[in-house]
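Since the structure comes first, as structure tokens, the remarks are kept for the end.
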Amino acid sequence: MNRNYHLALFMLSFTLSNNGYEKISRRLRPLFSKLGIRIPDREEFTYVITRKPHDHKTPLKALFCLNDECLPDDTRRGLKVFLEVHIFVLFFELLWSLPGHLRRGDRNISTSSSRQIGLVAASYVFLYKVHLRFFKRVFDPIFRPPYTRVHTNRVYDKLLRLMGLPPAGEFYEKLFQSPSVPPALAGFCAGPAILFAKDQAQRVTMSVYMLLKSFQFLYHSLCENQIIPRTPWWWGSWILFPLSSAQLIHAYLVNPDTFSESYERFITSRSTTYVQPRPGYYPKSLPWPTGREIVDSIGIVASLNYPEFYSTKLHRDVPTLPKELNPIQPILEIAHPAHTKTMCAMLHPDEPSCLVTFSKFVAKEGVAALKFMAIINGIGIILRWRQIRERPYESVMHWLNHSVPLSFKGATFITMAIATSWGLICGFQNILPAKFMPRSRIYLNGFVGGLWIFAEDSNRRLDIGMYSLRLSIESVWKLMVKKRIVKSIKNGEAIVFSFAMAITMAIFHTNQRHISSPYIRYCIKKLVGTEREE
């Protein structure tokens, strides 16, 4: 075999493993034999790809080691991850967007998001594996340089003791002996791979999600190692949702430009009792406010200290509304004359009773929420089709004993959390003085509504709270940038993602059980492999 022949087989090893080459060559050999083309057998391929020895004499050589278990294997794993993630995300993109495209008659379905996420995952895995090999060589205890007193002095050691840290010599030894340092540094260096996703909002979502998850894993690891005490029984994950809900409801009503658009659609679509759609009898030629205009007017009415309402049906000289409230003028014109507050006339114009409106909301949206939760839990059952096929009776009983109660609990939580937040707008208006915290009281609306998290199972409270907290952090950051409290950093989400992945990968390689999310633990194993594979 000539040199070019060897080079071609060696380059092929960056895309195919030994077993993969054998499977493909076995299928292609009959076709190529008819064309008179000879395909190298597995022994020839193995001979070529195993000629490169391990070369880890220096960290730089370890970084670019061409042994089949090093750089070629990293490339193969990256390509495999790209295909798997791309297909997986593409499937769910099609499943999620297909009903909307069918309704609109649109045949063009974008798949760019799945390609970008696949590229992010593949790039991260490749960079992580390469840097992990590099930092393992740097921190290898066999090759590390000996510690000498030249590196520090007594004053520095005393300063470290005052800070509660070990002397520099002990710190140096522990740093090189810690198994979590190489994966942490490798995870951090691979973090900029997230920039392959072009959508900044998507990058921010992934970064904040992983940051919160990494803190969760870190807390769990510190508790398991008895470094910090566990929280008391009365303080737990349940508090996350009320606190984040307080901020989110305030942003939804007062600072809508800092609020998540998807979460806004979720709340508004389930609030038609308070966010009035155009009545069927109202002429289409006349203007009617959109849902967003009605929600925006709530913050304006609150800033005006909840003014009184004077119906044009009973009073001739009605005070002129501010220009900011002109969009809701059609609602106020048809409002019931028994209303005494502008806020109530805007939110439930046909019904003067706030309590009756609250009851109607619960009855109407409760059924819709139950259907929504039944579909969500039904999808989970469909994904377990193998269990249903093998054990149909046990699967049906599991659905009756687990999924049905879960659907009712989820529907209760969604309905009552939203209903309480809306109902307390009227409730606090009737209880508190008009000038007492007119806009700040909205925080209390969200907090009290968030207490309905207790309707959910304890193991789901943390997941819901983490999701809500992620949205809240994004909203707070946008608000701080808007008010110029902080300055937006270009591609700053990559730094956040790198920091989060450094913590996560360090914990994963130290003790996988401390990754408290089975889903994330499985994904990391699937993507980067285990220590034995490395």
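Each reported figure results from applying straightforward, stated rules to the coordinates on display, with no laboratory input. Bear in mind that the values here come from a model prediction, so they are computed numbers and not experimental data. Methodologically, a virtual Cβ is constructed for each residue, glycine included, from the backbone with ideal geometry; neighbour enumeration extends over all protein chains shown.
Can you list the DSSP H helices in the chain whose Cα atoms extend at least 20 Å along the helix axis and whose mean Kyte-Doolittle hydropathy is 0.5 or higher?
TM-like helix candidates: 240-254, 354-382, 404-431, 492-510.
Kindly identify the range 388-512 as rounded, prolate or oblate by the Cα gyration tensor criterion: order the square roots of the eigenvalues as a ≥ b ≥ c, call it rounded if a/c is under 1.5, otherwise compare a/b with b/c, prolate if a/b is larger, else oblate.
oblate
Where does the longest stretch of the chain lie that holds no chymotrypsin sites (Phe, Trp or Tyr not before Pro) found in a DSSP loop with 15 or fewer other Cβ atoms within 10 Å?
Looking at the chain, 282-435 is the longest stretch - no exposed chymotrypsin sites (Phe, Trp or Tyr not before Pro) with at most 15 other Cβ atoms within 10 Å.
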Legend entry - 5 angstrom amide H check on Lys341, placed H, neighbours 5+ away: Phe309
Legend entry - Shape of the range 1-51, Cα gyration tensor, a/c cut at 1.5: oblate
Legend entry - Relative contact order [Cα under 8 Å, 6+ residues apart], the chain, whole percent: 21
Legend entry - Sparse-neighbour loop sites [trypsin sites (Lys or Arg not before Pro); the range 390-492; at most 13 other C-beta within 10 Å; DSSP]: Lys435, Lys483, Arg484, Lys487, Lys490
Inset, instruction - For the pairs Lys198/Lys483; Lys323/Lys483; Lys61/Lys525; Lys360/Lys409; Lys371/Lys525; Lys213/Lys364, note any where the Cα-Cα span goes beyond 30 Å. - result: Lys371/Lys525; Lys213/Lys364
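Using only DSSP helix segments of four residues or longer, with each worth -39500 (n - 2.57), what per-residue ellipticity at 222 nm results for the chain after dividing by its residue count and rounding to 500?
So the calculated ellipticity at 222 nm is -20500 deg cm²/dmol.
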Inset, instruction - Just flag the trypsin sites (Lys or Arg not before Pro) in the range 43-90 sitting in loop per DSSP whose Cβ has no more than 15 other Cβ atoms within 10 Å. - result: Arg51, Lys57
Inset, instruction - Assuming a ≥ b ≥ c are the square roots of the Cα gyration tensor eigenvalues, decide whether the chain counts as rounded (a/c under 1.5), prolate (otherwise, with a/b larger than b/c) or oblate. - result: prolate
Legend entry - Furthest towards positive pole of dipole, Pro405, Pro53, Thr415, structure part the chain, Cβ charges: Pro53
Inset, instruction - Count the net charge of all other residues whose Cβ sits under 12 Å from the Cβ of Phe10, scoring Lys and Arg as +1 and Asp and Glu as -1. - result: +1
Legend entry - Listed residue (Cys189, Pro438, Ser262) projecting farthest to the positive dipole end of the chain, Cβ model: Cys189
Legend entry - the chain: Cys lacking any partner C-beta under 4.7 angstrom: Cys189, Cys223, Cys344, Cys523
Legend entry - Mean-position separation - Cα centroids, the range 502-519 and the range 258-312, in angstrom: 46
Inset, instruction - Determine the relative contact order of the range 1-51: mean sequence separation of Cα pairs under 8 Å and six or more apart, normalised by residue count, in whole percent. - result: 50
